[in-house]
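Following this message is one structure expressed as structure tokens.
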């Protein structure tokens, strides 16, 4: 009886069609749509942060929003295209402190850049520098890259993981990266690090 069952199982296995692995179509990835509330939260957060940055760069200049409005809209659209990261808690007091720090650095940096640009005895020496950030991926790192770009004299030219390539119009105009990172950590209620080596 056992021999008969074994023979029948062997016949069934031989008669079963072999899978065509070469012509088999790969399964399509399953895309899970984000809840509307999550998307709305991302839009509101992006609009507030980007609009605040533009306003700090152009305080009181209503005509600047002719360019600023479409710029913010395109940036928000880019945020929606990017994959959502883990939710981050934003501290209201940290947001106020970061806004004051960013506005102060923007004004001081703009004055410094203007003095260098209009000084006939000073020759600007643009340079690229590469720095590593300790901020986690997601909104904290996005805010860092945008802040470096919006601060006068510096621009985030490339991002590869935690490595940032920053363009400076002068070597000594590099922003204080550890201080800026700690301000962003305070903004997102993250543990601040000791900037001293």
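Each value in this text was obtained by applying a stated rule to the coordinates, not by laboratory testing. Just so it is clear, the structure is predicted and the values come from calculations on it, not from any experiment. Here Cβ is always computed from backbone atoms with ideal geometry, including for glycine, and neighbour counts include all displayed protein chains.
Please report 118, 102 as a ranked list, fewest other C-beta atoms within 10 angstrom at the top and most at the bottom.
Numbers: 118 8, 102 22.
Ranking 118, 102 by Cβ neighbours within 10 Å, fewest first, gives 118, 102.
Also: Could you list 134, 163 in order of exposure, starting from the residue whose Cβ has the fewest other Cβ atoms within 10 Å? Before the final figure, lay out the partial values.
Details: 134 14, 163 11.
Placing the least packed residue first, the sequence is 163, 134.
Continuing with this model, one more query. Estimate the FRET efficiency between residue 67 and residue 107 by the formula 1/(1 + (r/R0)^6), using the beta-carbon distance for r and 22 Å for R0, to the nearest 0.05.
0.60
Shifting gears a bit: In the range 91-191, what is the volume of the convex hull around the alpha carbon atoms, normalised per residue and reported in Å³? Numbers along the way, then the final one.
Values: hull volume 8.1 nm³, N = 101.
Cα-based convex hull of the range 91-191, divided per residue, equals 80 Å³.
Return 112, 172 ranked ascending by Cβ neighbour count within 10 Å, so the fewest neighbours appear first. Can you show the working numbers first?
Details: 112 15, 172 10.
Placing the least packed residue first, the sequence is 172, 112.
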